[in-house]
Amino acid sequence: MSGSTTYLELSQEGGGAHKFYEVTVEGTVVSVRYGRIGAAGSTQVSSFPTVEKARAAAARKVGEKVRKGYAPAVQGARAARPVTRRQVSSAPSTARSTAPVLWRFRTGSAAFGIHVSEDSCWVGNQAGDVYTLSHGGEVLARYSLPDGVKCLVADDFWIYAGCDDGTVYDLSSKLPFGAYTIAPDVDIFWLDIHEGVLDVSDAQGKLTVIDHEDEHQWSRKSGGPYGWMVRADGRAVYHGHAAGVTAYSPDGSGELWHTKTRGGVLFGWQEADAVYAATSNKVVQRLSKESGAVLATYGCDASVYSCATAPGGAYVFAGDSSSSVYCFDAEGNRLWKLGTGSGSALSMQYLDERLYMVTTDGSLVCVDATDAAIAAAQQGTVPVARDVKSAAALPTYTPAASPMSLATVTAAPADGIVVQCVQEGSRVRVHVVAGAGQGYDTGWNVQFPRGIREPGARYVVDALHPAAGGFYRVRGEIRRLI
């Protein structure tokens, strides 16, 4: 039986919506594909008892979109709207000495994403490549994502990559999957995740908050464009943009405070009681999370692209647009300034007396930040940096092309956990139905990729972990149970 496809688009002038919606009926199966015009988009697949019910469901979906302004279109006739790429310049360092680099790994494209855990280092670049390395500089794995990586963030031991295709990918297992799908008209600049809630800042200076089930919660437009900072905790969501930093209540009920910074915010960091805003006007400013008051200012010699702290804010690090890296004490006194040797640092993180940076030339750089190594570097003595190479047989992991391309099993392994998609009103939710161990609350929802939620479908997962707010998060591989 031949299938039928309806393709619709909604494109608004002035930077508004620019998205498509495609419904295909093949017998009793309805496939819905949606996303930004010009992108592959996300896919949802549903099965129905009869062909008539499948056609009726497809007609309802098309009718809903037409009522919202979508119209029939020819796929490919309308060009994709360009995604904002961060335009950065990088001048040579004015520092007299170079930082003591232990090793560097060149990814081949400008890199913005970094995450350093107790076990490994992650770097994501504008070509869509994400690499994991050991702290000693051994390349362990590579993930190939469909579009450029804007940032990498972690939430407990889950790690996520926010990409230019509008998808946030979970990289916590070997097979990446889209954990969140950002609205097609949101141009991601930066993101953060706190207890499963995703916070997204974008090119227009808007903040969008999405819950653990990939459902939109709330959004706010702050006072300036170019939201290059968003940080979140249980107290607030901190949004840094061209006009300063604005703190909002986590539930979106209102603005808590706003602080105008010295220059537009280009990067943000947080500690327990303070947020740090790196600005275009050559400073990093430490703001009280409670009131927004400026507690300290750290002066650099050029626009500041990135910043980080040692635990508790004992030291503050900054990377400027002139390929220099700085260190300050908590009060704002500059302790040292050195050249990176690899361009300007676009993101950075400190761990165990090492400073890790990703740079404009696409390198992940590991700097020895011990007092002895820094003192020697200031006198012109640095180690010979080791250039890390990828192994020819390096495993490369790519997202599943569609829900149907997931691995399948006919029975759950003894240590596996079975979850099932359940229709609840207009939403498809996921619950635990069987699994290893005891104590699962079958009434809790499971955080699960929207694109593979199909009423009645069952999946096997390796592990589930409870999260604050009363839901489970998947750890490990997802396989279809057939």
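The values are calculated or read from the model by the stated rules, or taken from the named source; none is laboratory data. For clarity, every value in this text was computed on a predicted model and none was experimentally measured. Note that each Cβ is placed from the backbone with ideal geometry, even for glycine, and that neighbours are counted across all protein chains shown. Protein only, heavy atoms only, side chains kept; ligands, DNA and RNA dropped before computing areas. Shrake-Rupley method; radii C 1.70, N 1.55, O 1.52, S 1.80 Å.
Tabulated data for the structure shown
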| read-out | value |
| --- | --- |
| The stretch 222-355 - percent relative contact order, Cα under 8 Å, separation 6 or more | 14 |
| Karplus 3J(HN,Hα) series, Hz, for the stretch 99-111 with 6.51 cos²θ - 1.76 cosθ + 1.60 (x for Gly, Pro) | 5, x, 7, 7, 7, 9, 10, 8, 8, x, 8, 3, 10 |
| For the chain, convex hull volume per residue from C-alpha positions, Å³ | 159 |
| Per-peptide average of other Cβ atoms within 10 Å, ordering 454-460, 133-139 highest first | 454-460, 133-139 |
| Rounded to 10°, Cα long-axis angle of helix 51-67 versus longest principal axis of the chain | 50 |
| Span from the the stretch 122-184 Cα centroid across to the the stretch 338-400 one, whole angstrom | 19 |
| Estimated dipole of the chain in Debye, rounded to 20 [Cβ of Lys and Arg +1, of Asp and Glu -1, Cα centre] | 1280 |
| Local electrostatic count at Thr396 - Lys and Arg +1, Asp and Glu -1, tallied over other residues with Cβ under 11 Å | +1 |
| Heavy-atom surface of the chain, accessible at 1.4 Å and reported per residue (Å²) | 41 |
| Spatially proximal aspartates and glutamates relative to Lys61 (Cα-Cα < 14 Å; intrachain offsets below 8 disregarded) | Glu9, Glu22 |
| Relative intensity, log₁₀ I(q)/I(0), of the stretch 286-391 from a Debye sum that treats every alpha carbon as a point, q = 0.12, 0.14, 0.21, 0.24 Å⁻¹ | -0.41, -0.55, -1.18, -1.48 |
| Kirkwood hydrodynamic radius of the stretch 161-247, from inverse mean 1/r over distinct Cα pairs, in Å | 12.9 |
| Distant-in-sequence amide H partners of Phe112 (H built 1.01 Å from N, under 5 Å) | Gly124, Gln126 |
| Cα-based reach from Lys289 at 16 Å (exclusive), listing lysines while leaving out same-chain residues under 8 positions away | Lys260 |
| Qualifying aspartates and glutamates (Cα of each under 14 Å from Cα of Lys174; at least 8 residues distant if same chain) | Asp462, Glu477 |
| Residues with amide H under 5 Å from that of Ser306, placed H, sequence gap 5 or more | Gly319 |
| Helical contribution to [θ] at 222 nm, DSSP H n ≥ 4, -39,500 (n - 2.57), averaged over the chain, rounded to 500 | -1500 deg cm²/dmol |
| Neighbour net charge for Thr28 - beta-carbon separation under 11 angstrom, K R +1, D E -1 | 0 |
| Accessible area of the chain belonging to carbon and sulfur atoms, whole % at 1.4 Å probe | 49 |
| Cα-Cα P(r), the stretch 31-119, percent of pairs per 10 Å interval | 9, 24, 22, 15, 16, 10, 4, 1 |
| Options Cys366, Thr6, Ala393, ranked by Cα towards positive dipole end of the chain, top entry (Cβ charges) | Thr6 |
| Rel. contact order, % - alpha carbon contacts under 8 angstrom, at least six apart, the chain | 14 |
| Under 10 Å, Cβ to Cβ, from Glu290 - net charge with Lys/Arg +1 and Asp/Glu -1 | +1 |
| Euclidean distance between Cα centres, the stretch 250-317 to the stretch 92-107, Å | 25 |
